[in-house]
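Read-outs: derived from the displayed coordinates by stated rules, not from any lab. Small disclaimer: the values here were computed from a predicted structure and weren't measured. So basically every Cβ, Gly included, is an ideal-geometry build from the backbone, and we count neighbours across all protein chains shown.
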Amino acid sequence: VLLYVLRRIVQAAFVTVGVSIASFALIHLVPGDPVRVSLGTRYDPQTAQVLRHAAGLDRPLVEQYLRWAGHALRGDLGVSFATQQPVGSAIVHRLPATLTLAGAALLVAVLIALPLGTIAAVRARTPVDYAATAISQVGVSIPDFWIGIMLIFLVAGRWGWLPPSGYVSIGQSFTGWLDHLVLPALSVGLVSAAILSRFVRAAMIEALAQDYTRTARARGLSQRAVVVRHALKNALPPVVTVTGLQLAYLLGGVIVVETIFAWPGLGRLALDAAQTRDYPVLQGAILLFALTFVVVNLLVDVLYALLDPRIQVR
Amino acid sequence: VIRRHPALLALALAAVAAAASAAAFASRPATAAPRAHATPAAATIQRGGTLVAAISGEPQGFDPQKTTAYASFQVLENVYDTLVEPGANLQMQPALATSWTQSKNHLTWTFQLRKGVKFQNGRAFTSADVVYSANRWRAKASQVAYRLAAVKSVTAKGRYAVVFHLKAPAPNLLSAIGGFKGLAVVPKEIVADNTIGRHPVGTGPFEFVKYAPGDEIVLKRNPYYWRTSQPYLDQVVYKIVPDASVKTTNLTGGQVDWIDSVPSQSLKSLRKTSGVKVASIPGNDYWYFALNEKRKQWQDVRVRQAISYGIDRAQITEAARAGEATPNQAAIPRTSTWYAPISPFHYNPAKAKALLKAAGASDLTLDLLVTSQYPESVAAGQVIAAELGQIGVKVKVDSVDFGTWLDREGKGDDDAFLLSWLGNIDPQDFYYAQHHCGGADNFQGFCSKQVDKYLDAGQKTTNQAQRKRDYAKAAQLIVKQASYIYLYNPDVVQAWRTKVHGYAPRPDSAIRFRTVWVGK
């Protein structure tokens, strides 16, 4: 297993470097640059020239990349054009909000998807299954931000039960933290739940049809024991994979939901950076997203190997 | 506007009349004019408390000489002071400078500085700070250097006076140094330790406490503030709420006390909400679009005039602003002292078609650059597209993000670009750089020697009545030759909880909280 993990780590490193090169090139290909945006509509070419030179933007692209990569390897992601804040600390600043939302949304997703998917599988091709399928179809088709807008409009606006937007850290106030978290976590979590429940259902149906399940039944185990202890346990590996990918997606920031809920997460940091062409921040954020995907994938694979001993190094 | 707010308009008119007789431009010392907008009677003011204000944008750093982001200046307006500042009527009033004189040849201006002023870090403010700041305003990497092109040098004269030495007379010097907080007086120590971009320190009513990116900015009362009775609030918290309708929900729910703008679709319901006050006043910004004269098909003045005849400004205003704007064929709004009535065009598709025919232009297509950053530009663009379709011009509304918009405007990669200009006070702000041959902001490539003659005259003459005539003549030509096709002046629409007192929206969209107090 160790060799397998090592090989996966080396692959992951290559992927990360590849992503950083591709994103660096793409970011610089987009029209406009940070100096143009920061000067706004009043554009003075001489001032722009001075600023571009000071920022090293007049250097060849390859040189700019190598300089960035050299610093990045030493843990220095540069300084934001707009705020002069170190990129590393700008990102770290956004982590608590992002982790909170991703974690809460995933919790919502798993809590809904596991029971929903399992029931649908056990009662496959009955009205219960069709209802569950319909619910998750609707969930998959509705964009998360639409759910968010509706929740804000009804729960916060009409009924006044919860605040419409904003973020309170758990250190500031636990109830404030929870109050502000519920609506965005639901908006994102419901969609993830819909996706996840389809996988749970499929995996469970497959597991329920296996010989070991029939054997378990034949041994006279209760339906509950068969479903939970035998079928569900064996259905987990593919579900873990999808859950992991969902987590990586959530950590990458759910840009529109963060914008609607004024949630100070990484997605909005990246969006603002993209709009102002704040290259260092954008590059740092993309690097982090890439790393998250790579690391989560790696962990999922390792977990997979542990859950399913048949997966071996080859 | 007039219909809904007779009181505000009367106030504005009174202020304009008062300003006409004020000494702001005269060569004798200016007297400290009283605050033009009504401050609440002292007895009713309740001190203390926090104002929670919702703003839409994310600040892009807090260095007033580096950033141009409106969100940054929503904060900086309350942290920094300038030498002079626009009153409610946009005439320049004393601030850090108490009075000023000009030499006979108009080439040196001497400003007397206020004594006993301290920065928020407790250090005394002197002429050395103004000299230091002025050099920073005029530095090569400064965003505001263009405003001081006429200045040769700035020197101290003792501890409490500074002298501006000019290359040429600058009749608009006061609005150049006071019309925008980018010319804030900054203490050199925060430049030296490189914290100016993250933690501004000024002489203004509120002291910067913290910025949590994506979330909030917190200011607290400056105990050293030189208007000793102000500010009334202990604290101002700016909440960053990017989505306009969520911002409104926060106001109606009472999570925030004040919002910086009201989306037009929420106006009606917000006006009916109890506990909320909506205020709308005519603003100094203007929206326009300009045909790219670097492309051959837009070089014929008749074609540009046809486009101007082919649009219905009233309808565009209704669609883009739900009527919260005043259609205008020129840039300067009716409420300004510099207003000159100019309206050669009226909506006339038949005349537009005739002009196109006379110019031999047929099958015209027009790639109109607008930006998703300002949905208003997209709405205006769509109406323009529909209307120009009627006269046989096929318009493609090209909605891009702002960075791309700026890039393509700069490169001339469009048939026309549509946007607005903000924060204009002096007529030079409105017309010079946009329409002078080779002007810094003349991206449409307009050039007329006649216009230049009037623009140059207006830039130099110190006779203000003559200046007004010069700019009116320049504007007439600019409008008639359709260098810009002007659309409207938007209203400044803001809303707050009724417990908020002492706030008034300003035509320059600057946000000042020093006179605000919150009822219990």
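Annotations for the structure displayed:
- Max mean-square fluctuation residue, GNM over chain A, Cα-Cα springs under 10 Å, options A:Ile286, A:Ile21, A:Ile195: A:Ile21
- Relative contact order %, the range B:141-278, counting alpha carbon pairs below 8 Å whose residues are six or more apart: 11 percent
- Within straight-line cross-link reach of B:Lys157, lysines at Cα separation under 16 Å, skipping those fewer than 8 residues along the same chain: B:Lys115
- For the range B:325-340, putting each phi into the Karplus relation 6.51 cos²θ - 1.76 cosθ + 1.60 with θ = phi - 60° gives couplings of 5, 10, x, 8, 8, 10, 8, 7, x, 4, 7, 7, 5, 9, 5, 10 Hz, in residue order, rounded to whole numbers and with x for Gly and Pro.
- Summing charges over neighbours of B:Gln444, with a neighbour being any other residue whose Cβ is under 12 Å away from its Cβ, gives -2 when K and R count +1 and D and E count -1.
- Whichever lysines have a C-alpha closer than 26 Å to that of B:Lys520, once near sequence neighbours (fewer than 8 apart) are set aside: B:Lys210, B:Lys220, B:Lys239, B:Lys247, B:Lys272, B:Lys277, B:Lys499
- Residue among A:Thr215, A:Thr41, A:Thr83 with the largest mean-square fluctuation in a Gaussian network model of chain A, springs linking Cα atoms under 10 Å: A:Thr41
- Under-5 Å amide H pairs with B:Asp491, H placed in peptide plane, nonlocal only: B:Gly283, B:Ala325, B:Thr326
- Net charge contributed by nearby residues that have their C-beta within less than 13 Å of A:Ala274 (K/R +1, D/E -1): -3
- Under 17 Å from a label point set 7 Å out along the Cα-to-Cβ vector of B:Arg47, the amide N atoms of the range B:484-520 belong to B:514-520.
- Gyration tensor (alpha-carbon) shape descriptor, the range B:76-152, a/c threshold 1.5: rounded
- The mean number of partner chain beta-carbon atoms within 10 angstrom of a residue's beta-carbon across peptide A:146-159 is 2.
- The distance from the alpha carbon centre of the range A:8-65 to that of the range B:377-404 is 31 Å, rounded to a whole number.
- Cα-based shape type of the protein assembly as shown, given that a ≥ b ≥ c are square roots of the gyration tensor eigenvalues and the cut on a/c is 1.5: prolate
- Beta bridges per DSSP, both residues in the protein assembly as shown: antiparallel share near 75 percent.
- Amide H contacts of B:Leu419 (H built 1.01 Å from N, under 5 Å, at least 5 apart or other chain): B:Tyr288
- Of the cross-linked pairs B:Lys66/B:Lys167; B:Lys140/B:Lys294; B:Lys167/B:Lys460; B:Lys296/B:Lys351, those separated by over 18 Å at the C-alpha level are B:Lys66/B:Lys167; B:Lys140/B:Lys294; B:Lys296/B:Lys351.
- Residue-wise HN-Hα coupling along the range A:295-309, computed from phi with Karplus coefficients 6.51, -1.76, 1.60 (Hz; x: Gly, Pro): 5, 4, 4, 4, 4, 4, 4, 5, 4, 4, 4, 6, 5, 10, x
- Against chain B, whose longest principal axis is taken from its Cα atoms, helix B:349-358 shows a tilt of about 70°.
- Here the contact order of chain B, divided by its residue count and restricted to Cα pairs under 8 Å and six or more residues apart, works out to 19 percent.
- Shape analysis of the range B:383-520 places it in the oblate category; the axes a ≥ b ≥ c from the Cα gyration tensor give an a/c of at least 1.5, with a/b not above b/c.
- In degrees, nearest ten, helix B:449-460 long axis to first principal axis of chain B (Cα): 10 degrees
- Chain B: antiparallel DSSP beta bridges as a percent of all, rounded to 5: 75 percent
- Separation of alpha-carbon centers, the range B:199-217 and the range A:98-163, rounded to whole Å: 39 Å
- Mean separation of Cα contacts under 8 Å, 6 or more apart, over the residue count of the range B:273-341: relative contact order %: 32 percent
- Peptides B:146-159, B:236-249, B:393-406, B:451-464 ranked from most to least packed give B:236-249, B:393-406, B:451-464, B:146-159, packing being the mean of other C-beta atoms within 10 angstrom over each peptide's residues.
- For chain A, the longest principal axis of the alpha carbon atoms and the long axis of helix A:45-54 meet at an angle near 70°.
- Amide proton proximity set for B:Leu291, modelled H, under 5 Å, gap of 5+: B:Ile485
- Note on the range B:258-301 and the range B:484-520: Cα centroid distance 14 Å, given to the nearest whole angstrom.
- Using the Karplus relation 6.51 cos²θ - 1.76 cosθ + 1.60 with θ = phi - 60°, the per-residue 3J(HN,Hα) values for the range B:238-249 come to 8, 9, 8, 10, x, 7, 5, 6, 5, 4, 5, 4 Hz, with x marking Gly and Pro.
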